[in-house]
Each structure stands twice: as C-alpha cells, then as structure tokens.
Amino acid sequence: MTLSLAGRTAAPAPQPVLVRIGGFGGSVGLAAWLGAEAIDLLIDATHPYAARISANAAAAAALAQVPLLVLDRPAWVAVDGDRWTEVADTAAAVQALGTEPRRAFLALGRNELVPFTAAPQHFYLVRSVDPVEPPLAVPHAVYITRRGPFDEAEERELLAQHDIDVIVAKNSGGAATYGKIAAARSLGIPIIMLARPAWPQVPVSVPVVASVEEALVRLDHVLASEAARGV
C-alpha cells in the first residue's frame, strides 16, 4: 500500500505504510504511475475541498483502467445553538467579517490566508502545522504552530484565551476537527463557514464511502473481486 501526499506539509505525521510525496503531473501522470506500479485499486481520500485532485484521480483511474474507491466525508450539519453564515470563498469570508474590528480565528490552510490582508483592522489567530511564512501583512496577528486533532475542551480554552468573537472555517466533516465547532456552539461564537467546492461527477459504478472504516470493508471486497477474476 502506498500513501500519496501532496507535499504541502514540511513534516507529515509518521505513517505505517510507504509514503510518496509530491504531484504526479495531472491525471495523465497519475495514470502512468498507476500502470508502472501495477496498482490494483486507487482510493481517493483527499480533503473535501481538494476538488481538482479528485477530478484528476477519477480521470486517471479511467485512463489506467484501475478500480476507484471514493471516500467522501459527509459535511457537518448545523444543530441548535450553531450560528453559521455560509460563504462561497475566502474573499466572501473577508466581506462577512465586516468593517468593525473583530477577533477572528482563521481555521484555514496557510495558502488561504492572504485575502484577509485586505481587512487589516481585525485581529487574527492563525493555527497551522507549519509556520506561516511570510506572516500576514496585518498589524494584529498571533500564530500557533500545532498539529491536531483538538478536542472541544482545548478549543474552548483557546477561543477564550484569545477572546475570539468569530471563527472562519471550512466544513471539513469528520470528528478530528469538530472540536472548534462544538466549542463555538458552547460559547455562542458565530462561524463563517466556507461552502464546499463542487465535486466531480462520480460514475454510478464507482463505490463511495463515508468513513475510513467503511473504506477498509470496501477495500477487502474490491480486492477479493479482482483476485477472483484473476486480475
């Protein structure tokens, strides 16, 4: 088994399988790699906001005639007490912050922070796995370098410590990053939520699962089917 990482994190967490880091050169390059490595199954387990990578994976699987399994993590759904404003992108999130100074926790990737320099009146709390270099060109920002997951109690303490009054986040789904959502609810803090990008149309023949556990079950099934067919 090979785990492919894009290479955006300088020091990825250790993994118990072979890790490949870096791009493939689009769908054609990925298809060539699948063939060269005699891959039996391609699992698209990319982040819900990595729509381009998912599109390349689907195209590559078709080109290489390799079975594809898609892990589509369900989005979070607002419940009683949540105060969400959904926006299309980071530019819209900046607008949603308004003109009056606020104290914002930017729960986003490092590559999505630059638009917030257009609103330097706000205080920004930025947490990332790797340092933000260069720092944002704003007068009031605090940077925390840590790797999650973070539970609700930790997130509640962080938000209170920095007197945060708004969170900007992506609807990533899953349990690993839900702590901040639950903490915001308990503290009555509003969230500006970036909408998910449109996923490529997945053919009905491609199995789609909602969790890693379900993916493992499907993995065994697909590989057993391929073995039975002598593939």
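Coordinate-derived values only; no laboratory data. All of these numbers come straight from a predicted model, not from anything done at the bench. Please note: Cβ atoms are built from the backbone with ideal geometry, for glycine as well, and neighbour counts cover all protein chains shown.
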With everything on Cα atoms, drop me the angle between helix 212-228 and the longest principal axis of the chain, reported from 0 to 90° to the nearest 10. 10 degrees
Sorted by average packing, counted as other Cβ atoms within 10 angstrom per residue and highest first, what order do 148-156, 80-88, 102-110 take? 102-110, 148-156, 80-88
Helix 152-161: inclination vs the chain longest Cα principal axis, degrees, rounded to 10, gives 30 degrees
Based on DSSP H runs of at least 4 residues, each adding -39500 (n - 2.57), what is the mean residue ellipticity at 222 nm of the chain after dividing by all its residues, to the nearest 500 deg cm²/dmol? -9000 deg cm²/dmol
On Cα atoms only, tilt of 51-64 relative to the major axis of the chain in degrees: 0 degrees
